[in-house]
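Student: The structure under discussion is supplied below as structure tokens; questions concerning it will follow.
The numbers here are math on the coordinates, done by the rules we state, and not lab data. Values in this document were obtained by computation on a predicted structure and should not be read as measured data. A quick note on method: Cβ atoms are made from the backbone with ideal geometry, for glycine too, and the neighbour counts reach across all protein chains shown.
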Amino acid sequence: MGTVLVVAEAQPRHAGNMPALAPISYELLGAARRLGGDDVVAVLSGTEVRPLAGELAAHGAAQVYVADDPALADYVAETYLPVVEQAICHAQPSLVLLGQTANGRELAARLAFRLGCGLVTDCTRLAVNAGTLVMTKPVHGGSAIAEYVAEAPAALQMATLRPRAFEPAGRVGAKPAAIVGLEVPAAVVAQAAERTRVIETVRQVSSGPRLKDARIVVAGGRGVGSAADWHLVAELAAALGGAVGATRAVTDAGWAPPSLQVGLTGATVTPDLYVAVGISGAVQHIAGCAGARTIVAINRDPNANIFKHARFGVVADYRQVLPALARRIAELRGD
Amino acid sequence: MNVVVCIKQVPDPEIPPAQFKVDEVARAVVPPPSVAPVMNGYDAHALEAALRLKERHGGTVTALSLGPPSAREVLKRALAMGADRACHVDDPVLYDADSWLAAAALARAIYRIGGESGRSGQNGQYGYDLILCGRQASDTDAGQVGLGIAAFLSLPALSPVQQVEVIENGRLRVERLTEEGYQVIDVRLPALLAVSSEIGEPRYPPLRGIMAASRAQIPMWTAADLPPLGRKDDGDWPPLARKLRLQRLYQERREAACEHVQGESPADAGRALADRLRQVGVI
């Protein structure tokens with residue numbers, strides 16, 4: 001494996017928050033170092049992101065390309081693409097890694113088709129087998145696993161990595177960062193604005209940890225029964241310090257907002273613990289939560305499909321299980 | 001507004017888990033005999049978006065599908081839902097295409113569709129104004145083909161899209177989903193948008209539409225019928241080639257069976273569950 005280039009992401013900026021790398025950036029570096037050893041470089045675009053170059057270096061990037069420009073405040077592929085292309089041109093990597101995030105997946109596909117290289121999206125495993133990079137990802141909504149290799153030996157390969165599927169990189173100590181500044185030519189900015197111009201950015205954030213980043217998710221399904229009982233799901237999530245999720249049936253019924261939907265047409269989550277309450281376990285829902293390390297199912301129906309995916313299960317009425325479970329968790333955590 | 005919608009036929013994602021089988025030698029899903037393949041869910045949302053634009057602003061909707069003879073079924077459904085015409089690209093050399101090959105074939109087909117419309121429409125030199133597709137297909141979950149088509153045709157592209165409105169001739173107001181909400185983006189036409197389910201539920205085809213669609217003539221093009229885009233000096237662009245090879249397709253073996261936590265009452269089971277989760281270090 002030659003040089004691995006990581007396309008890092010910064011956290012979106014809002015009033016008051018400090019510049020920080022998005023969690024996926026550490027996971028990309030972790031995966032890159034396991035494949036590329038010391039031959040790992042990173043590129044970062046945005047505004048006020050230059051201070052983060054040192055953080056990328058401290059986590060294993062031997063060289064960091066930074067494009068820090070007010071014109072890059074809003075992500076659009078048209079302006080971010082030329083930056084990554086410059087970094088690729090300079091670093092000559094054999095593998096480029098991006099996050100399977102809203103922006104990463106769009107940027108990756110645009111880049112791959114521009115550069116004429118193969119791309120596997122949403123990888124959960126990367127391995128080198130007899131000199132060949134094998135990229136593994138779930139397909140058919142997680143019902144099957146596919147392993148892809150390049151059709152022919154190629155100078156460049158690309159992959160996007162599923163968030164929380166790879167161990168984040170640890171600190172490697174205070175390595176002096178080789179920082180290369182990249183410019184976005186004014187002509188590129190002007191042309192981008194003519195093709196796609198961001199008018200407004202709207203945040204829709206629920207309280208508590210964000211669903212996609214949460215280490216613990218408590219999700220409810222049709223079996224919760226009514227909007228009036230939904231608070232039991234939310235209370236268990238609060239007791240665990242986790243995020244609330246829902247099946248499509250629940251969001252369609254309006255018991256929870258669509259942004260909380262987990263599954264094929266909603267979010268894919270990979271928490272350490274996923275508590276499924278009154279969820280039957282339809283394939284479309286499992287697609288969104290199969291990556292959880294531990295699934296716990298609480299359902300009255302002992303034949304519910306969810307128990308096939310769960311490590312722990314309780315067959316009972318959740319209305320009586322949840323309050324007792326939440327209280328006991330509070331006791332245990334109070335120890 | 002002339003819209004081309006790319007539609008893929010996929011195995012029904014509602015196949016019961018017990019019936020979902022993979023042939024590891026053929027590296028393919030074994031279609032259960034009782035469950036017919038369907039129109040990819042997100043592509044149905046893209047078609048719905050196209051039909052709504054046509055209802056509000058006029059123009060035509062052309063449905064395009066790449067796939068084996070059975071793919072004509074999803075094109076008939078598209079016609080029944082309200083598409084004006086359909087084109088089917090079918091050639092064994094294109095079967096089991098990776099994202100690059102599928103995008104290359106579809107880009108060439110769209111170029112041909114534009115040519116056959118006499119390069120008409122608001123964007124004369126193209127012959128189409130907008131290309132819509134689903135954000136990803138439910139079989140490969142790759143999400144690349146639409147963005148690839150845009151790259152080959154040098155169009156602006158956005159994915160995933162939850163809302164499309166015409167603001168003036170030649171420009172759209174598009175809402176693109178982000179990790180934290182959405183961006184409102186002003187997009188120049190022609191453009192490609194990869195549509196997500198937030199756009200709204202696809203309509204059911206009316207009976208009259210189904211009857212008419214069953215009699216519709218759908219042209220079938222082979223790879224030889226797909227012209228290169230004729231813009232690049234290197235002639236045969238984009239090449240009808242693959243970049244990736246599916247080396248292995250398999251089903252993961254389920255881990256040990258579920259451990260049922262019990263108690264004298266449901267509340268008791270709840271407390272026991274908390275203790276057990278603590279014991280194994282999950283909480």
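Student: From the mean inverse distance of alpha carbon pairs (Kirkwood) and the Cα radius of gyration, derive Rg over Rh for region A:86-183. Show your work: numbers first, answer last.
Tutor: On the way: Rg = 14.9 Å, Rh = 15.0 Å.
Looking at region A:86-183, the ratio lands at 0.99.
Student: Still on this structure: For B:LYS21, give me every one of the aspartates and glutamates with a C-alpha distance below 12 angstrom, ignoring sequence neighbours fewer than eight places off in its own chain.
Tutor: Leaving aside aspartates and glutamates fewer than 8 places away in the same chain, those within reach of B:LYS21 are B:GLU252.
Student: Right, next: Can you tell me which of A:ALA253, A:ALA287, A:ALA91 moves the most in a GNM of chain A? Springs connect C-alpha atoms under 10 Å apart.
Tutor: Result for chain A, Cα springs under 10 Å: A:ALA253 fluctuates most.
Student: Quickly work out the B:ALA36-to-B:TRP237 label distance, labels modelled 7 Å from Cα along the C-beta direction, and quote it in nm with one decimal.
Tutor: Using points 7 Å along Cα→Cβ, the separation is 4.2 nm.
Student: Moving to a separate point now. Any idea how far the Cα center of region B:179-231 sits from the one of region A:35-56, in Å?
Tutor: 39
Student: Next up: How much of the DSSP beta bridge set in the protein assembly as shown is antiparallel, as a percent to the nearest 5?
Tutor: Values: 42 of 113 bridges.
Percent antiparallel among DSSP bridges in the protein assembly as shown is about 35.
Student: Further question: Any chance you could tell me what percent of the C-alpha pair distances in the protein assembly as shown go past 35 Å?
Tutor: Across the protein assembly as shown, Cα pairs with separations above 35 Å total 41 percent.
Student: Follow-up question, since we're still on this one. Assigning unit charges at the beta carbon (Lys, Arg +1; Asp, Glu -1) and nothing else, what dipole magnitude in debye, to the nearest 20, does chain B show about its Cα centre?
Tutor: On the way: 32 positive and 35 negative charges, 137 e Å.
The calculation lands at about 660 debye.
Student: Using only helices, what value at 222 nm comes out for chain A when you add -39,500 (n - 2.57) per DSSP H run of length 4 or more and divide by the total residues, to the nearest 500 deg cm²/dmol?
Tutor: -9000 deg cm²/dmol, from helical runs alone.
Student: May I ask for the Kirkwood hydrodynamic radius of region A:211-333, worked out over all distinct Cα pairs and given in angstroms to one decimal? Let's see the in-between values first.
Tutor: Values: mean 1/r = 0.0727 Å⁻¹.
Its Kirkwood hydrodynamic radius stands at 13.8 Å.
Student: Taking +1 at the Cβ of each Lys and Arg and -1 at the Cβ of each Asp and Glu, which of A:VAL184, A:LEU111, A:VAL149 sits farthest along the dipole of region A:4-195 towards its positive end, judged by Cα position relative to the Cα centre?
Tutor: Highest projection toward the positive end goes to A:VAL149.
Student: Another question, if that's okay. Which percent of Cα-Cα pairs in chain A sits in each 10 Å bin, short to long?
Tutor: Histogramming chain A at 10 Å steps yields 5, 24, 28, 24, 14, 4, 0 percent.
Student: Taking a threshold of 29 Å on the Cα-Cα distance, which of the pairs B:LYS8/B:LYS54; A:LYS137/A:LYS212; A:LYS212/B:LYS76; B:LYS76/B:LYS243; A:LYS137/A:LYS308; A:LYS137/B:LYS54 fall above it?
Tutor: Numbers: B:LYS8/B:LYS54 21 Å; A:LYS137/A:LYS212 18 Å; A:LYS212/B:LYS76 38 Å; B:LYS76/B:LYS243 31 Å; A:LYS137/A:LYS308 21 Å; A:LYS137/B:LYS54 37 Å.
Going by Cα-Cα distance, A:LYS212/B:LYS76; B:LYS76/B:LYS243; A:LYS137/B:LYS54 fall outside the 29 Å limit.
Student: In the protein assembly as shown, what cysteines have no partner Cβ closer than 4.7 Å?
Tutor: Here A:CYS89, A:CYS117, A:CYS123, A:CYS289, B:CYS87, B:CYS258 come out as lacking a disulfide-compatible partner, given the Cβ-Cβ threshold of under 4.7 Å.
Student: Another question, then. Charges on Cβ only, +1 for Lys and Arg, -1 for Asp and Glu, centred on the Cα centroid of region A:227-335; of A:SER280, A:ALA324, A:ALA228, which one is farthest towards the dipole's positive end?
Tutor: Of the candidates, A:SER280 comes out farthest on the positive side.
Student: Counting only other residues whose beta carbon sits under 15 Å from that of A:ALA73, what net charge do I get with K and R as +1, D and E as -1? Walk me through the numbers on the way to the answer.
Tutor: Numbers: positive: A:ARG13, A:ARG50, A:ARG197, A:ARG203; negative: A:GLU9, A:GLU48, A:ASP68, A:ASP69, A:ASP74, A:GLU78, A:GLU200, B:GLU180.
Computed value for this residue: -4.
Student: Let's test this: bin the Cα-Cα distances of chain B at 5 Å from zero up to the farthest pair and state each bin's percent.
Tutor: Going out from 0 Å in 5 Å bins, chain B shows 1, 5, 11, 15, 16, 14, 11, 8, 6, 4, 3, 3, 2, 1, 0, 0 percent.
Student: What's the center-to-center distance, using Cα atoms, between region A:89-159 and region A:259-274 in Å?
Tutor: So the separation of the two Cα centres works out to 23 Å.
Student: I've got another one for you. Sorted from fewest to most neighbouring beta carbons within 10 Å, what does the list A:ILE24, A:ILE329 look like?
Tutor: Values: A:ILE24 28, A:ILE329 22.
Ascending Cβ contact count within 10 Å gives the list A:ILE329, A:ILE24.
Student: Given region B:1-132 reduced to its alpha-carbon atoms as identical point scatterers, what log10 I(q)/I(0) does the Debye formula return at q = 0.09, 0.14 Å⁻¹?
Tutor: Cα-only, vacuum Debye calculation for region B:1-132: -0.29, -0.66.
Student: Can you give the helix-only mean residue ellipticity at 222 nm for chain B, where every DSSP H stretch with n ≥ 4 adds -39500 (n - 2.57) and the sum goes over all residues, rounded to the nearest 500 deg cm²/dmol? Mind showing how you got there, number by number?
Tutor: Working: 6 runs with 77 residues, N = 283.
When only DSSP H runs of four or more count, the value is -8500 deg cm²/dmol.
Student: So if I place +1 on the C-beta of Lys and Arg and -1 on the C-beta of Asp and Glu, and nothing else carries charge, what would the dipole magnitude of region A:211-333 be about its Cα centre? I want it in debye, nearest 20. List each step's numbers first, then the result.
Tutor: Numbers: 12 positive and 8 negative charges, 49 e Å.
Its charge dipole is roughly 240 debye.
Student: So for region A:211-333, averaging the separation of alpha carbon pairs under 8 Å that are six or more residues apart and normalising by length, what relative contact order in percent results?
Tutor: Working: 267 pairs, mean separation 31.1, N = 123.
Relative contact order of region A:211-333: 25 percent.
Student: Can you quote the Å³ per residue value for the convex hull of the Cα atoms in region A:4-195, rounded to an integer?
Tutor: Working: hull volume 24.2 nm³, N = 192.
Per-residue hull volume (Cα only) is 126 Å³.
Student: Per residue of A:98-110, what is the mean number of Cβ atoms on other protein chains within 10 angstrom of that residue's Cβ? All intermediate terms of the calculation are to be shown ahead of the outcome.
Tutor: Working: counts 0, 1, 2, 2, 10, 4, 1, 8, 9, 1, 3, 14, 7.
Average per residue, whole number: 5.
Student: On to the next question. Place a +1 charge on the Cβ of each Lys and Arg in region A:135-257 and a -1 charge on the Cβ of each Asp and Glu, then give the dipole magnitude about the Cα centre in debye, rounded to the nearest 20. Intermediate values should be presented prior to the final figure.
Tutor: Working: 13 positive and 10 negative charges, 40 e Å.
In total the dipole reaches around 200 debye.
Student: By the scheme Lys and Arg +1, Asp and Glu -1, what is the net charge of all other residues having a beta-carbon under 12 Å from that of B:ILE149?
Tutor: On the way: positive: A:ARG110, B:ARG108; negative: none.
Residues near B:ILE149 contribute +2 overall.
Student: Would you work out which of A:PRO257, B:ALA191, A:VAL296 lies farthest towards the positive end of the dipole of the protein assembly as shown? Charges go on Cβ: Lys and Arg +1, Asp and Glu -1.
Tutor: The residue sitting most towards the positive pole is A:VAL296.
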